[in-house]
Amino acid sequence: MSEEIKNNPSAQPDKMETLEENQLFMTPGQIVARQFFRNKLAVFGLVVLIFMALFCFVGPLFSPYGETEIFYLNPETGEEIYMSDSSAIASAILNAKAKPSLAHPLGTNESGHDVLTRLMYGGRISLMVGFVVVIVEMLLGVTMGGIAGYYGGKVDMVIMRLVEMFVSIPFIPLMLIISSLLISLKVSPQDKIYYTMFIMGIIYWAGVARMVRGQILSLREMEYMQAAEATGIRTSRKIFRHLVPNVMPVIIVMATMDLGGVILMESTMSFLGIGVGMPYASWGNMVQSVNDNVIMRNFMNIWVPPGLCILLVVLAFNFVGDGLRDAFDPKMKR
């Protein structure tokens, strides 16, 4: 009988029917995971993000150098001098723009810092900014969008006018003003990044609120919401227990896609000098070295690595976002 089925293709069960039967025994989460891991680009993006996270957060533990450590050379012997030897530093020369070597695999920058070490610490800042800003914008956006979509009427009108105000704010000029204000208040470069994250999160919530509102407007008239209304449960419970979970796939996809955009914006701000300040590193202010024509032409080891890191991380988040969008879409073929 098995040989008959094997030799007769028409006797074999249809492949799509088999897949549909298998899905009957899978949870929604398992179906989404299977669809996601079938997307090769999404899996590639996930691998890149895991590698970058390990590189930036675990890598510095194995680095013999510090983020702000400066290296000098003995002018007579050409040997490297560490900052702990203060008597030797007085007559030493800065070990700037050094070529890649065993001691410094990516060389040193124009300030005498190890490029590889700063690449790790800079990635910490860029990734941290991305996640913190997305968390803040999602908390504000989901809350405001959920309230606007559920109540409608005047509440919806007020919140949407507020959204339009935030969307129309010119971001870069605003950050230039805030950066100047922070400098005048003598805020340290290390603390400046926290203010930057908070402000970016407050400004970026508007797009999330608009998307969540549109989803909830269509969901609040569904039969299960009418049943929830009949039970007499609290409004806050109806919004955050029944409506918001049903727009969670959209929220997850938006968060993933926004992560890449936020990292790119932070890099742009640091490049313009309104993000993370020296001597602390971010991928954006590391790329800022390209402003020097000599460095751009002759010392690519200083600015190419952070540029590649930005490119890979932003692409990876976009690939993962596309994969999640396709995996959550019920219209996609399984």
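Going by the structure shown, is Leu182 assigned to a helix (DSSP H, G or I), open to solvent by less than 70 Å² (accessible area, probe 1.4 Å) and not basic (Lys, Arg)?
Answer is yes for this residue.
Being out of contact with any strand residue (DSSP E or B) (no Cβ under 8 Å at 6 or more places or on another chain), of a type in the set (Phe, Trp, Tyr), in contact (Cβ under 8 Å) with a residue 12 or more places away in the chain and more than 30 Å from Gly66 (Cβ to Cβ): is that true of Tyr224 here?
yes
Quick check, is Gly107 on the phi > 0 side of the Ramachandran plot and either within 22 Å of the chain's Cα centre (by Cα) or open to solvent by less than 60 Å² (accessible area, probe 1.4 Å) (or both)?
Considered against the rule, which asks whether it is on the phi > 0 side of the Ramachandran plot and either within 22 Å of the chain's Cα centre (by Cα) or open to solvent by less than 60 Å² (accessible area, probe 1.4 Å) (or both), Gly107 comes out as yes.
Does Asp156 count as of a type in the set (Asp, Glu) and either open to solvent by 50 Å² or more (accessible area, probe 1.4 Å) or outside any helix (DSSP H, G or I) (or both)?
no
Cβ-Cβ under 7 Å, sequence separation 6+ or interchain: first residue in segment 162-184 and more than 19 Å from Gly261 (Cβ to Cβ), partner surrounded by 14 or more Cβ atoms within 10 Å (Cβ to Cβ) and of a type in the set (D, E, K, R). Which pairs?
Correct list of pairs: Leu182/Lys192.
Take Leu259 and decide whether it is open to solvent by 50 Å² or more (accessible area, probe 1.4 Å), among the hydrophobic types (A, V, I, L, M, F, W, C), at pLDDT 80 or above and in a helix (DSSP H, G or I).
Against the criterion (open to solvent by 50 Å² or more (accessible area, probe 1.4 Å), among the hydrophobic types (A, V, I, L, M, F, W, C), at pLDDT 80 or above and in a helix (DSSP H, G or I)), Leu259 does not qualify.
Tell me yes or no: at least one residue of segment 136-154 is closer than 20 Å to Gln288 by Cβ, in contact with a helix residue (DSSP H, G or I) (Cβ under 8 Å, 6 or more places away or on another chain) and either among the charged types (D, E, K, R) or at pLDDT below 85 (or both).
Looking for residues that are closer than 20 Å to Gln288 by Cβ, in contact with a helix residue (DSSP H, G or I) (Cβ under 8 Å, 6 or more places away or on another chain) and either among the charged types (D, E, K, R) or at pLDDT below 85 (or both), one finds none in segment 136-154, hence no.
Only one of Gly307, Gly232, Gly260 is more than 18 Å from the chain's Cα centre (by Cα) and among the small types (Gly, Ala, Ser). Can you tell me which?
Answer to the check: Gly232.
Given the structure, is Val136 in contact (Cβ under 8 Å) with a residue 40 or more places away in the chain, in contact with a Gly (Cβ under 6 Å, 6 or more places away or on another chain) and open to solvent by 20 Å² or more (accessible area, probe 1.4 Å)?
Criteria met by Val136.
Looking only at segment 160-177, how many residues end up being β-branched (Val, Ile, Thr), assigned to a helix (DSSP H, G or I) and surrounded by fewer than 20 Cβ atoms within 10 Å (Cβ to Cβ)?
Summing the residues that are β-branched (Val, Ile, Thr), assigned to a helix (DSSP H, G or I) and surrounded by fewer than 20 Cβ atoms within 10 Å (Cβ to Cβ) in segment 160-177 gives 3.
When segment 300-327 is examined, which residues are found to be of a type in the set (Phe, Trp, Tyr) and under 21 Å from Leu272 (Cβ atoms)?
Within segment 300-327, just Trp303 meets the criteria.
Quick check on this structure: which one of Val212, Val187 is open to solvent by less than 70 Å² (accessible area, probe 1.4 Å), out of contact with any Pro (no Cβ under 6 Å at 6 or more places or on another chain) and either part of a helix (DSSP H, G or I) or in contact (Cβ under 8 Å) with a residue 40 or more places away in the chain (or both)?
It is Val212.
The values are calculated or read from the model by the stated rules, or taken from the named source; none is laboratory data. Just so it is clear, the model here is predicted, and its values are computed rather than measured. Don't worry about glycine lacking a Cβ; one is built from the backbone with ideal geometry, like all the others, and counts go over all protein chains shown. Note: areas computed on protein heavy atoms with side chains; ligands, DNA, RNA excluded. Shrake-Rupley method; radii C 1.70, N 1.55, O 1.52, S 1.80 Å.
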